[in-house]
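Worksheet for the structure shown next.
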Amino acid sequence: MRDKTVVLQAFRAAFPVTVPILAGFMFLGIAYGVFMNVSGFGTGWAFLMSLLIFAGSMEFVAVGLLLGPFNPLGALLLTLMVNARHLFYGISMLEKYKGTGWKKPYLIFGMCDESFSINYSARIPSHIDRGWYQFFVTLLNHSYWVAGAMIGSVLGSFVAFDLQGLEFVMTALFVVIFVEQWMKEKVHDSALLGIGISVLSLIVFGADKFIVPAMIAILAVLTLTRKALERKTAEAEGGGRV
Amino acid sequence: MTMTVAQQIFIIAVVVLGTMATRFLPFLLFPPGRPTPEYVRYLGRVLPAAAIGLLVVYSLKDVNVLSGSRGLPELIAVAVVVWLHLWKKNMFLSIAAGTILYMVLIRL
């Protein structure tokens, strides 16, 4: 009985946080399902890909891969490039996903942009089980995405609502989490670096190729300035407590 | 040139494998049983802020500032989200207001 309460409480705490994702994934998922449909891939394919890949932008890219010439190595390299940002998420979540037992492989499997940013920034109340909370955030996001893709795939071109612009819900979510992080930290160097280097890289390399150079540059700067940054952080935090 | 179904399934498997590699690698390299190198723990502390910054830029990467609406709807909506969130600190309000404003702006 107690176990059930723990699970239910975690679900009740996790669900509200995922509502913006519900809106965003329904929209993007439907768009994806429709896109799959018009590209000649039926509901089974949409289900398989949304369930197993669960990385929004990569799934759109994958449709292109399926329609081109058979090139597994090219597909692998492109996937690694598009999804390289997950490496940063993993390093950031090493501590937060610790001790979650059997749920951990699923948490890592489902660590898309949205699950990462919510689970990273969540202030989980102390009476809520952290593992179950993170599990439900991931599971709900995953379900929204698969459901959206299914709806889009089945309805195909019948979907005629004018929902253009709803995809901005994702940008708004990331901006909100950025602001939350900003208010929480005393030293903003890393946040500013993340924005600055990414914009610079976007201008230099263009939308399709900017992520990997941006990641390398961010890593390089954070590594080279480690001593100074650690000192600055220690001073800022020490000063804050006095 | 069209692929066979087997080839298409193979490509999907490769994409799944590639995606999972980027998600699992840090956890496999630094398992909880062994002490994580101090450098990686440092990265774990400072990287999230930069990663979220990268994510913000990533979600806006296809905005064209040279033509069309020149990115103005995005700029205005992002500014409103930031301002509203600093002021009210209410996640739903910030996201909903920003998105509705954006949907209105692109229709003007």
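The values are calculated or read from the model by the stated rules, or taken from the named source; none is laboratory data. Everything numeric here is computed off the predicted structure, so don't read it as measured data. Note that we place each Cβ from the backbone using ideal geometry, even for glycine, and neighbour counts take in every protein chain shown. The accessibility values were calculated without ligands, DNA or RNA, using every heavy atom of the protein model including side chains. Shrake-Rupley method; radii C 1.70, N 1.55, O 1.52, S 1.80 Å.
What to note about this one:
- For chain A, the share of accessible area belonging to carbon and sulfur comes to 69 percent (1.4 Å probe, ligands and nucleic acids excluded).
- Charges were assigned to the Cβ only: +1 to each Lys and Arg, -1 to each Asp and Glu. The resulting dipole of region A:32-135 about its Cα centre is roughly 340 debye.
- Among the residues of A:69-79, the average count of other protein chain beta-carbon atoms within 10 Å of the residue beta-carbon is 5.
- Tensor-based shape of region A:117-242 (alpha-carbon gyration tensor, a/c under 1.5 rounded, otherwise prolate or oblate): oblate
- Alpha-carbon centroid distance for the pair region A:111-190 / region B:27-52, whole angstrom: 23
- Net charge over other residues, Cβ less than 9 angstrom from the Cβ of B:Y58 (K, R count +1; D, E count -1): +1
- Model label sites at B:L72 and B:L28, defined 7 Å from Cα along the beta-carbon direction, differ in position by 5.0 nm.
- Dipole-positive endmost among B:V16, B:V57, B:P37 within region B:7-104 (Cβ charges, Cα centre): B:P37
- Relative to the longest principal axis of the Cα atoms of chain A, helix A:226-241 runs at roughly 70 degrees.
- Listed residue pairs exceeding 28 Å between alpha carbons, taken from A:K98/A:K184; A:K103/B:K89; A:K104/B:K88; A:K4/A:K184: A:K103/B:K89; A:K104/B:K88; A:K4/A:K184
- Using Cβ point charges alone (K and R +1, D and E -1), the dipole size of chain B about the Cα centre works out to roughly 260 debye.
- Simple point charges give the picture: +1 on the Cβ of Lys and Arg, -1 on the Cβ of Asp and Glu, and for chain A a dipole about the Cα centre of about 800 debye.
- Projecting the Cα atoms of A:L87, A:L155, A:H127 onto the charge dipole of region A:79-170 (Cβ charges, centred on the Cα centre) puts A:H127 farthest toward the positive pole.
- Peptide-level mean, for B:3-14, of C-beta atoms on other protein chains within 10 Å: 5
- Evaluating 6.51 cos²θ - 1.76 cosθ + 1.60 at θ = phi - 60° for every residue in region B:60-75, the Karplus couplings come out as 10, 5, 8, 6, 9, 8, 9, 9, x, 7, 6, x, 5, x, 5, 4 Hz, glycine and proline recorded as x.
- Shape category assigned to region B:1-59 from the gyration tensor of Cα positions, a/c cut at 1.5: oblate
- Size descriptor for chain A, Kirkwood hydrodynamic radius: 19.9 Å (Cα pairs only, one decimal).
- Shielding value for A:89-100 is 6, the average number of Cβ atoms from other chains within 10 Å of each residue's Cβ.
- Largest accessible area first, the listed residues A:M183, A:M93, B:M103 line up as A:M183, B:M103, A:M93 when surface is computed with a 1.4 Å probe on the assembled protein chains.
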